[in-house]
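Okay, so here's the structure we're looking at.
What follows draws every value from the coordinates through simple rules; no lab data is involved. In this text, all values refer to a predicted model and were calculated from it rather than measured experimentally. Using ideal geometry, Cβ is built from the backbone for each residue, glycine included, and neighbour counts are taken over all protein chains shown.
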Amino acid sequence: MSLSNEQVNEIAHLARLRVDEADLPEYASNLSAILSFVDAMNAADTTGVEPLAHPLEMPQRLREDAVTEENQRERFQAVAPQVEAGLYLVPRVIE
Amino acid sequence: MSDTSKTVAELAAGLAAGTFSSEEITRAYLERIQGAGADLNAFITVTGDRALEAARAADDRRRSGDAGPLTGVPLAHKDIFCTRDVRTSCGSRMLDNFTAPYDAHVVERCQQAGMVCLGKTNMDEFAMGSSNETSYYGPVKNPWDTDAVPGGSSGGSAAAVAARLAPAATGTDTGGSIRQPAALCGITGLKPTYGRVSRYGMIAFASSLDQGGPMARTAEDCALLLEAMAGFDERDSTSVDRAVPRYSQELTGSLQGLRVGLPKEYFGDGLDPEVARVIDAAIGEYRELGVEFREISLANTELAVPAYYVIAPAECSSNLSRFDGVRFGYRCESPRDLEDLYKRSRGEGFGAEVKRRIMVGTYALSAGYFDAYYRKAQQMRRLIKNDFMAAFEDVDLILGPTSPTPAFNIGERADDPVKMYLSDLYTIAVNLAGLPGISLPAGFAGGRPVGLQLIGNYFDEGRLLNAAHRYQQVTDWHTRAPGAFA
Amino acid sequence: MEWEVVIGLEIHAQLATRSKIFSGASTSYGAEPNTQACAVDLGLPGVLPVLNKGAVAMAVKLGLATGCTIAPRSEFARKNYFYPDLPKGYQISQYDLPVVHDGAVTIELDDGSTKRIGVTRAHLEEDAGKSLHEGFEGVTGIDLNRAGTPLLEIVSEPDIRSSAEAVAYMKKIHTLVRYLGICDGNMQEGSFRCDANVSVRPAGQAEFGTRTEIKNVNSFRFVQQALDHEVERQIDVIESGGKVVQETRLFDAVKGETRSMRTKEEANDYRYFPDPDLLPLEIDEALVEEVRSELPELPDAKKQRFMDDYALPAYDASVLTASRELADYFEATAEAAGGEGKLAANWVMGELSGALNKAGLDITESPVSPAMLGGMLRRVSDQTISGKIAKQVFEAMWNGEGDADTVIDKHGLKQVTDTGAIEAMIDEVIAANPEQVAQYQAGKDKLLGFFVGQVMKASKGKANPEQVNELLRKKLAE
């Protein structure tokens, strides 16, 4: 599997990562190498094999419906890059 | 013998006997971290004042008769564990300015036991790496040879313990990140069964693979630490509600008749002959202890690495989406618009390996590729688990090398991700299956430590620790200290 | 050409749990920004989701009420995309395996006919936060209080063939979720909203036309308007030789039309995969039975029972079962009225509803309790007061003058049934109107009404009208 610079750009966009033009060829070659490496999986016959998403095959535990959290806005927003009037601020979103 | 040469068990005994105070030993470790150990770059943050305060509190607790076995024993936390009011960077520029508003469950448990946190150890960025070279804070040096890497991702923890900068440290293991650096630094490191230790407050790399565990000099120390760290936590829905055995009390079992499997795939072409020799010698020791060896096959071992390098990046690509420059962490200067904010904050905040893995994962999950990559990898995962389950029908434990080679030089593999990935050839399958595994020092190759890996069945940490401890009763590899740090 | 409209609705109902779907933060509405967003809701590093059992039980409730299969095993997946109101960069939702699936509801149309609309599935997911644009220059403010509120997305089959059917279906689900107590149904606050998929095809054609999706419509009227506009637009496009583009559209309530959302340069690629933080959700028979035992009587069953037990016409039964509160009010009133179902229905649907509407009050806020209204109706049926006087009594009760008996006493509204007294009044009226008496006796029967009116007037409305009638006929015949 070999990725073009353009494909790397598309993936980087989907992942919201800025990649400098100059770095694209290196990413393309590294990612292509990794994908070729993982293509080795194709050697295994997995017909009819049920995928395993979690190592522990047990059901999900549920919690009771109760409010257990208190307001910690000051604490949480102390680490925020930009807040005003209790809101997190981002560059204007146009809908 | 200086205080910093003691194991956790020895420190616990000394504290209990009043031979020294927690404050004294804490001070000794802090001095060593800033003195002889400083060049190793093992720590990202040293919390000296807090440590001394905690040490004094531990000494008070002991005076008031309220102490547990580990009260007053210092340790270091890998910087992936959230520590309230202390920077938690995960080895990344992204979190260089992040002070966690809460403690990880593991951190809480250690605190409750009265342990004293010395600081936060260096690591591969977001735990993605096998050499500690991807850290934003620079590489960690191997105390045995400062040209060499300490392994990764818990390289700072391993180096700190090996260099006696801390008697113990926490680590996390997603594909070998406790066991491989433990092997490369000549210490003992345990990766528990998935679900044994809560992941709450442990910054996620790959959620279905990540597991925290102890790193120390001996199996006995790891047993003591696991007792403190393990246990049910309702904040992690993958945490298993199951009693925690007194591991440290269960180290006395005989190994007579213990059936141990040697997977032929772990002794194949990729294995360094020097490492193979060390492992053979260890097998000899175990035979003397009454262990019965039999050859087994874990047929899909080689394909575990490719499967892992789909699953882990897929999960990480999603787990790391929350680092977007909005609510915490790094934000780029003067973003033009929202997209610019996302792309530059993430582009500048993450290092190259993290970006590579996010992109691989993004690709593997994207429309049209999901079945060929992600689904295929999960099917491989089932086959790999089945291999282990079949093996454990016939054997009690599995033994092999932890890493195919001893520590390599800094820079040697940094430019070749795939070559780097193969460092985890023998450790990765254990994570895919969620099994417990331990690495213990078994000798040297070219002057660099070699680790022996034992793999157990689910929740069989007791048996693993017992087998490791028995070996350490008859060998002294675990007592060796790097020359510069003896 | 004749066109057939094909509609499928995706209804998002916010579940009325106390805490969020994956965290212990409160779900109450209207708090100060970000004061109800805990570390999990904010997607801070290292924290993990733990599923709320209450949300699961509510999903099962809806499943049982719509005849769905309750999945013994379902799965949570991550839907990955970047948006500032989505803190983790993914929404936890259900994708391949929803919690309940394959049910149906029956809707009733204006002409009295009924139609079955399939429910494809209902799945659990988390709501996003809110973006606030007002009051800021060049920036947007993000409030994550709503982030993590449990949503049940109820997806219909494309069985709906008109905007009227769509509204009937939406109302049906709206009634159902409120009956079940799983959603407050408040559309203004966004607790109940819907996306509509709509396409048109030439009548008789088997395959579907290209559909558009209208996002986030939050009133019944808007659904009707949006669909009518969109159907018309699609037909225009096709009839003028164009093609409908598959896209997402927004409804502009001011203009009453839909418009295309700016299409992004790339198609969305949500990269769904099973959430590795959450193991499969298993629902055992015990939980299903527990939920089943808590199910209230559902609207359809209640309607039938009202028709059977109170001899109500279908229309009355429908109106009175539109909400659980109204139905409860009616039943309590009928009981207090001594089982006079039709009388109670007339009053609840008539006088009471009118007064509530006028005052802008909900049935639960009525100043006249069912006991008071029923008590008054008893006085109507035992002839203590006439129906006409009852309206006066009702008004006094509404104004807080006490129960019916108090009002009747206080204002001396008791009906006059004393034959002697009525006869005396009749005699007076006859004496005062000799001309009309002569005309009546000459055969102008219609004048009876005039005499009744005069007598009632003389009694200030309190004479029993039937008695007045009877006695008048007798006297005038003399």
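Okay, here's what the table says:
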{"read-out": "Rounded D (µm²/s) - the stretch C:419-477, Kirkwood Rh over Cα pairs, Stokes-Einstein at 25 °C, 0.890 mPa s", "value": "221 µm²/s"}
{"read-out": "Per-residue mean of C-beta atoms belonging to partner chains within 10 Å, peptide B:302-312", "value": "4"}
{"read-out": "Rounded to the nearest 20 debye, dipole of the protein assembly as shown from Cβ charges on Lys, Arg, Asp, Glu", "value": "880 debye"}
{"read-out": "C:D362/A:E6 FRET efficiency (R0 45 Å; Cβ-Cβ; nearest 0.05)", "value": "0.15"}
{"read-out": "Charge dipole of chain C about the Cα centre (unit charges at C-beta), most positive-ward option of C:V244, C:L97, C:V393", "value": "C:V393"}
{"read-out": "Among C:L287, C:N186, C:P202 - extreme Cα towards positive end, dipole of the stretch C:145-301, charges at beta-carbon", "value": "C:P202"}
{"read-out": "Rounded Å value of the spacing that divides the Cα centres of the stretch C:333-355 and the stretch C:22-77", "value": "40 Å"}
{"read-out": "Cα centroid separation - the stretch C:356-418 against the stretch C:107-185, whole Å", "value": "39 Å"}
{"read-out": "Rounded to 5, the percent of DSSP beta bridges in the protein assembly as shown classed as antiparallel", "value": "85 percent"}
{"read-out": "Pairwise Cα inverse-distance average, inverted: Kirkwood Rh of the protein assembly as shown (Å)", "value": "33.2 Å"}
{"read-out": "Dimensions (Å) - the stretch C:297-411, Cα atoms, principal axes, largest first", "value": "43, 31, 19"}
{"read-out": "Prolate/oblate/rounded label for the stretch B:356-402 (Cα gyration tensor, a/c 1.5)", "value": "oblate"}
{"read-out": "Principal axis dimensions, chain C - Cα atoms, whole angstrom, descending", "value": "95, 55, 52"}
{"read-out": "Size of charge dipole - chain B - debye, nearest 20, with Cβ of Lys, Arg +1 and Asp, Glu -1, no other charges", "value": "560 debye"}
{"read-out": "Count of lysine pairs in the stretch C:419-477 with Cα separation under 21 Å (8 or more residues apart, or interchain)", "value": "10"}
{"read-out": "Cα long-axis angle, helix C:370-381 against chain C (0 to 90 degrees, to the nearest 10)", "value": "30 degrees"}
{"read-out": "Within chain C: Cβ-based charge dipole about Cα centre, in debye rounded to nearest 20 (Lys, Arg +1; Asp, Glu -1)", "value": "700 debye"}
{"read-out": "Hydrodynamic radius by Kirkwood, which averages 1/r over all alpha carbon pairs of the stretch C:224-339, in angstrom", "value": "20.3 Å"}
{"read-out": "Least to most buried among C:S191, C:S381 (fewest other Cβ within 10 Å first)", "value": "C:S381, C:S191"}
{"read-out": "Theoretical FRET efficiency, 1/(1+(r/R0)^6), r = Cβ-Cβ of C:L295 and C:K391, R0 51 Å, to 0.05", "value": "0.85"}
{"read-out": "10 Å Cβ neighbours from other chains, averaged over peptide A:29-37", "value": "6"}
{"read-out": "Links that overshoot a 26 Å alpha carbon limit, given the list B:K343/C:K79; B:K141/B:K419; C:K20/C:K215; B:K385/C:K53", "value": "B:K385/C:K53"}
{"read-out": "Kirkwood-based shape ratio for chain B, expressed as Rg/Rh from alpha carbons", "value": "0.95"}
{"read-out": "Per-residue mean of C-beta atoms belonging to partner chains within 10 Å, peptide C:124-133", "value": "2"}
{"read-out": "Cβ-based exposure ranking for B:E125, B:E24, in which fewest neighbours within 10 Å come first", "value": "B:E24, B:E125"}
{"read-out": "Part-to-part distance (alpha-carbon centres) for the stretch B:212-257 and the stretch B:106-173, which is given in Å", "value": "20 Å"}
{"read-out": "Residue exposure sequence - B:M202, B:M359, C:M425 - by fewest surrounding Cβ within 10 Å", "value": "C:M425, B:M359, B:M202"}
{"read-out": "Hydrodynamic radius by Kirkwood, which averages 1/r over all alpha carbon pairs of chain A, in angstrom", "value": "19.4 Å"}
